[in-house]
Amino acid sequence: MLIDYSLYLIADASFVTGEDIVPFVERAVRGGVTVVQLRGKHLSFGDFLGLGRRLAAALKVRGVPLIVNDRADVALGCRAAGIHLGQDDMPLRVARKVLSKFMVIGISANTLEEALEAERQGADYIGLGPVYPTASKATNLPLVGPDGIRRVKARVRIPVVAIGGINAHNARAVREAGADGIAVISAILGKRDVEKAARGLKEAFCRRVVKGGRYA
């Protein structure tokens, strides 16, 4: 499956406590989000599955793929495009046996070694980070930075999606380091106007340098 990873929204259900996250995601997609990962660490199976099905239906209308965080059962139940796994989640080789052969599998990586191992095992893309300091997810992992993105991109062939502390001010540096996309939570869901925030991020990441050093 070919996926445009340029603006990857992590739709964390806990980030909009007390509100339905689906309308937020729909507005973000109107602003340019190209792929959505649903995260529901504290949801029961039934609630996670129900939310996944509603979100998958909403995204299908716009042709945007849904990735489910961690839960292969939920991913299958809502006919998601794939699953994203952390280093401590279900092993990739097990996920391949459980999921449809047409579903993508993304793997989180913090080091070049983890990225190379993910590719060796058959991952479809890598979520590399944290690139910059972030308050969206507690972690003691060392920062990757743009230089880390360059090192990984020089060695792997699958898409690399940068994550962690990315916003409209540093998205261009991440692109110039070679990232195929940026994954964000608060840079979109934490804004009053999520559609405008998504549009600004998309423009910041995708704009290119033209003659004279100007951006287009």
- Task: Describe numerically, in nm with one decimal, the distance between label points set 7 Å from Cα along Cα→Cβ at D88 and at F102.
- Result: 3.5 nm
- Message: Through the Karplus equation 6.51 cos²θ - 1.76 cosθ + 1.60, θ set to phi - 60°, convert the phi angles of the range 69-83 into ³J(HN,Hα) values in whole Hz; use x for Gly and Pro.
- Response: 6, 6, 8, 5, 5, 5, 4, 5, x, 9, 6, 6, 6, x, 9
- Query: Which distance in Å, rounded to a whole number, links the C-alpha centroids of the range 121-165 and the range 34-76?
  - Reply: 23 Å
- Query: Across bins of 10 angstrom width beginning at 0, how are the C-alpha pair distances of the range 1-120 distributed, in whole percent?
  - Reply: 13, 46, 33, 7, 0
- Task: Pull up all non-local amide H partners of H84: gap of 5 or more, or a different chain, and H-to-H distance under 5 Å with H placed in the peptide plane.
- Result: V68, N69, D70, G106
- For R150 and M1, what is the calculated FRET efficiency with R₀ set at 25 Å and r taken between the beta-carbons, to the nearest 0.05? 0.40
- Task: Evaluate E = 1/(1 + (r/R0)^6) for V61 and D193, where r is the Cβ-Cβ distance and R0 equals 22 Å; express this FRET efficiency to the nearest 0.05.
- Result: 0.55
- Full extension between S44 and T111 adds, at 0.36 nm per residue less the Cα distance, a length in nm of 20.9 nm
- Message: For the range 7-206, report the % of Cα-Cα distances exceeding 29 Å.
- Response: 17 percent
- Item | Candidates P159, P23, P130: whichever shows maximal mean-square fluctuation once the chain is modelled as a Gaussian network with Cα springs under 10 Å | P23
- Simple spin-label model, 7 Å along Cα-to-Cβ: R120 to R30 in nm? 4.7 nm
- Query: How much of the DSSP beta bridge set in the chain is antiparallel, as a percent to the nearest 5?
  - Reply: 5 percent
- Message: Taking 20 °C and 1.002 mPa s as the conditions, I'd like the Stokes-Einstein D for the range 140-198 in µm²/s, using the Kirkwood hydrodynamic radius from alpha carbon pairs.
- Response: 175 µm²/s
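The numbers here are math on the coordinates, done by the rules we state, and not lab data. Computed from a prediction, not measured in an experiment: that's the story for all the values here. Counting neighbours? That spans all protein chains shown, and the Cβs are built from the backbone with ideal geometry, glycine included.
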